[in-house]
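Shown next, in structure tokens, is the structure this report addresses.
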Amino acid sequence: MRWLNYQHLYYFWHIARCGSVTGAARQLRLAQPTISAQMKSFEHILGEKLFQRSGRSLALTESGKLAYRYAEQIFSMGQEFLDVLDGTQGSSLQEFRIGIADVVPKSLAYRLIEPALRPENGVSVHCYEDKTEKLLAELSIGEIDLVIADRPIPPNVKVKAFNHFIGECGVSFLAARSLSRKLAKNFPSSLNGAPLLMPTAEAAVRHELDRWIDENGLTPRHVAAFQDRALMKLAAKDGKGIMPVPSAVEEEVCKEFQLERVGRIPNIKEQIFLISIDRRLKNPLLQLICREGQKGLRPRKT
């Protein structure tokens, strides 16, 4: 079994934070050749280059970014341990940072993060919303711990991370009562000429919906496309059109926005992926999100 030399890791951590061996040597009050030699030994043991030259400073390689993320967690937890022993931070919570792709329906995203919010987990959850590619870049340098997305890592994004397929559910069309009662009886042929609200093309499910509409020879009237599905729900509530939602959250969306089901399409799937830098989900909180998330994607039978 290989053992990690934490002294080496500590020197590496300081070099990464300072951007140079000179700066780290000054901070640690050690000779520069000593730190350089220790770093070469560390890279040799790992079998990976951790730094590369970038002008006068040092930049982290992909392996270096991974090492830095773990070093940050290791030494911050070590400091927290000392603080707790000293009685200075007995109530401090560990941070857990989740990035949510902006195309993921928020009602579905909440189903996934809710287990992490439970007080018994002892963590402070920070949620960020952005484009999938931006979140993956932040994941690669340890700025966030997990990305929730509606698709696996795009092939054009060169990030060393792993997809964890959580599950999928069908799609339901919802509308305000005035529309739903007209359209529900002959669904899906009733969609011909009906006002339709859709997610934008960035959402993976949009392509599936477009294909289904074409294959069934339907001609709805496309009123609007929304990146923010919360805004789409408000438009549907106002009677502007019918909209698709994941069937798993159909009941709560109907209740919150006073909508009714027009019809369900079980063969079109909203998919959810957790993306992490770990090939296997070893973190207990990630395991909890995965396990509970699979349950949360099951629609309630009505």
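Coordinate-derived values only; no laboratory data. Note that the structure is a prediction, hence the values are computed from the model and not measured. Cβ coordinates were reconstructed from backbone atoms using ideal geometry, including for glycine residues, and neighbour counts include every protein chain displayed.
Quick notes on this structure:
- Rounded to the nearest 20 debye, the dipole magnitude of segment 148-197 is 160 debye, with +1 charges on Lys and Arg beta carbons, -1 on Asp and Glu beta carbons, and the Cα centre as origin.
- Take every pair of alpha-carbon atoms less than 8 Å apart whose residues are at least six positions apart; their mean separation over the length of the chain yields a relative contact order of 21 percent.
- Relative packing of 222-231, 259-268, which averages over residues the other C-beta atoms within 10 Å, highest first: 259-268, 222-231
- Beta bridges by DSSP in segment 168-269, antiparallel share as percent, to the nearest 5: 60 percent
- The modelled label-to-label distance for the pair residue 129/residue 288, using points 7 Å beyond Cα in the direction of Cβ, is 2.4 nm.
- Arranged from fewest to most other beta-carbon atoms within 10 Å of their beta carbon, 140, 178 become 178, 140.
- 5 angstrom amide H check on residue 144, placed H, neighbours 5+ away: 139
- When 125, 103 are sorted by how many other C-beta atoms sit within 10 angstrom of their C-beta, beginning with the fewest, the order is 125, 103.
- Ranked by the mean number of other Cβ atoms within 10 Å of their residues, highest first, the peptides 53-60, 141-148 come out as 141-148, 53-60.
- Peptides 21-28, 196-203 ordered by average Cβ neighbours within 10 Å, highest first: 196-203, 21-28
- Amide H partners (placed H, <5 Å) of residue 265, local residues excluded: 171, 172, 173
- Diffusion coefficient, µm² s⁻¹, Stokes-Einstein with Kirkwood Rh over alpha-carbon pairs of the chain at 37 °C and 0.692 mPa s: 148 µm²/s
- Beta bridges by DSSP in the chain, antiparallel share as percent, to the nearest 5: 60 percent
- Counting neighbouring Cβ atoms within 10 Å and putting the fewest first, the residues 212, 13 line up as 212, 13.
- Within the shell defined by Cβ-Cβ distances under 11 Å, the residues around residue 124 carry a net charge of 0, with Lys and Arg each +1 and Asp and Glu each -1.
- Rounded to 5, the percent of DSSP beta bridges in segment 105-254 classed as antiparallel: 40 percent
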